[in-house]
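The values are calculated or read from the model by the stated rules, or taken from the named source; none is laboratory data. Worth saying up front: this structure is predicted, and the values here are computed from it rather than measured. So basically every Cβ, Gly included, is an ideal-geometry build from the backbone, and we count neighbours across all protein chains shown. SASA here: full protein model, heavy atoms, side chains in, ligands and nucleic acids out. Shrake-Rupley method; radii C 1.70, N 1.55, O 1.52, S 1.80 Å.
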Amino acid sequence: MPLKTGEQFVDSLRALKLRVYMFGERVENVVDNPILRPSLNSMKATYDLAQDPRQAELMTVVSPYTGQRVNRFAHIHRSAADLVSKVRMQRLLGQTTAACFQRCVGLDAINAVFSTTWELDQAKGTHYHQNFLDYLKYIQENDLVIDGAMTDPKGDRGLPPSKQADPDLYLRVVERRPDGIVVRGAKAHQTGATNSHEMIVMPTINMTAADADWAVACAIPMDAEGVSLIIGRQSCDTRKLEDSPMDTGNPNFGGMEALIVYDDVFVPNERVFLNGEYEFAGMLVERFAGYHRQSYGGCKTGVADVIIGATALAADYNGVPRASHVKDKLIEMVHLNETLWACGLACSYEGRPTASGNYLVDLMLANVCKQNVTRFPYEIIRLASDVAGGMMVTTPSEKDFRHPELGPVVDKYLKGVASVATEDRIKIMRLIECMSLGTGAVGYQTESLHGAGSPQAQRVMIGRLANLEAKKALAKKIARIAD
Ligand code: SF4
Ligand code: FE
């Protein structure tokens, strides 16, 4: 059975020789680093839940490629039901971690590469799909995490890759050898990079013939020669170094992002899935983005379940659970969140098979889903902050709370309803602070806005798929206007 336990997953990360930098220094022990460990715990939850017999049906699936039960995060969707199970799994993990659990990018990458390489081979007589199937089996048999590395730094946004002042601002092929290719460049905002064994590099935009050297997709081990990771800061990240877990708001879980730099990295031919066929870059981008826009209808709703729960607790602890405006704000939060869930489910149920046989979400509905995700979490957070009150940002530190003289003073004056411990009230305020202004805000807010493509990217897709001509024809018919 290829499924790893959570502990085996952690051990497998220890065996990697990652080149990681943070605060200007090399991080030798990535696994136990206090800033990074919560993000590892979130990824570990994808392994732990797969071991839970109650979640086995949701978290695992028998692979048609290996004949063995594998983690759903390494599965090629064979039906619309698989797409639905995917978002259910993501909501569960969002509820479990209240953070980005990072493994979805790889799942979305393998499904996009699966169908794109199949169609590319049909059109061009290449053999990328077989390369990919061999790689997929390796991933499934070893229960590995793949980072989906798409976002290039992009330099001047008004120029294509081939016109950039610095050609490395989009990852590119700098050398073609008989046995493989050499790539150079970077990928930005890479979610879960330090908790991934592998990554699939993909182009980030549509390309033309002039951009052929930038039209590249391939698989690279995270600890390959020439790969380095520079960790991105998160607001309030150094609270994790203060030995005051209460002050972090979500002491056990979190997310992480890194800038990945590729300094002339060699990729053998059998790990290459696109190499100069620029006409297929757009298909790969569009499909990956479609899957990841679906993903947000799962993960963000699970995270918001925790935020809504924290808000309801804050109301209880503040003594106002029966105030009609508080009840109405909680209802509004639930309404917004379930609207996102409805979009995530809808684009999954409406999924259709691609020519290669795997299932793709309904792209219109997936883009509508993500467009709503760029807005509703901000309103949910506004309402959470409204109900919580100013204490969520003005509460003294855990060190004050534990102090022999200051502690009793803080305890006395930060008390809400008499039956609730002040410590519990502070913990809930800190959790809301974390999700709205601290480390959790990266995953719940900015990532909701820009992850899987910024709002305008969805509007372009919605515009392209809108089929206004068909709607005009409907109106003409009703109004009895002759063609
Ligand atoms: Fe998964 Fe959501 Fe994180 Fe993307 S943002 S990797 S969908 S948990
Ligand atoms: Fe994301």
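Observations on the structure shown:
- Check on Ala452, within 16 Å of ligand 1 (Cβ to nearest atom), outside the structural domain of Ile205 (by TED's automatic domain parsing) and part of a loop (DSSP other than H, G, I, E, B): yes
- Count of the range 347-381 residues which are of a type in the set (A, V, I, L, M), surrounded by 21 or more Cβ atoms within 10 Å (Cβ to Cβ) and either within 20 Å of Asp305 (Cα to Cα) or touching a residue at least 40 places away in the same chain (Cβ under 8 Å) (or both): 7
- Exclusive hit being without any contact (Cβ under 8 Å) to a residue 40 or more places away in the chain and within 15 Å of ligand 1 (Cβ to nearest atom), set Arg72, Arg88: Arg72
- Some residue of the range 219-227 being assigned to a helix (DSSP H, G or I) and more than 16 Å from ligand 2 (Cβ to nearest atom): no
- Restricting the range 228-260 to residues that are among the small types (Gly, Ala, Ser) and outside any loop (DSSP other than H, G, I, E, B), the residue that is least open to solvent (accessible area, probe 1.4 Å): Ala258
- Complete set of residues in the range 382-397 that are free of Cβ contacts under 8 Å to residues at least 24 places away in the same chain and either in a loop (DSSP other than H, G, I, E, B) or touching a helix residue (DSSP H, G or I) at 6+ places or on another chain (Cβ under 7 Å) (or both): Gly390, Pro396
- In the range 54-88, the residues that are open to solvent by less than 30 Å² (accessible area, probe 1.4 Å) and within 16 Å of Ile146 (Cβ to Cβ): Ser63, Val70, Asn71, Arg72, Phe73, Ala74, His75, Ile76, His77, Lys86
- One residue stands out among those in the range 344-381 that are touching a Leu at 6+ places or on another chain (Cβ under 9 Å) and either in the same structural domain as Leu133 (by TED's automatic domain parsing) or assigned to a loop (DSSP other than H, G, I, E, B) (or both): the one that is nearest to Leu107 (Cα to Cα), which is Val361.
- Residue that is touching a helix residue (DSSP H, G or I) at 6+ places or on another chain (Cβ under 9 Å) and either open to solvent by 10 Å² or more (accessible area, probe 1.4 Å) or of a type in the set (Val, Ile, Thr) (or both), where the choices are Ala315, Ala323, Ala310: Ala323
- Of all residues in the range 157-190, those being farther than 24 Å from Val20 by Cβ, assigned to a strand (DSSP E or B) and open to solvent by less than 20 Å² (accessible area, probe 1.4 Å) number 3.
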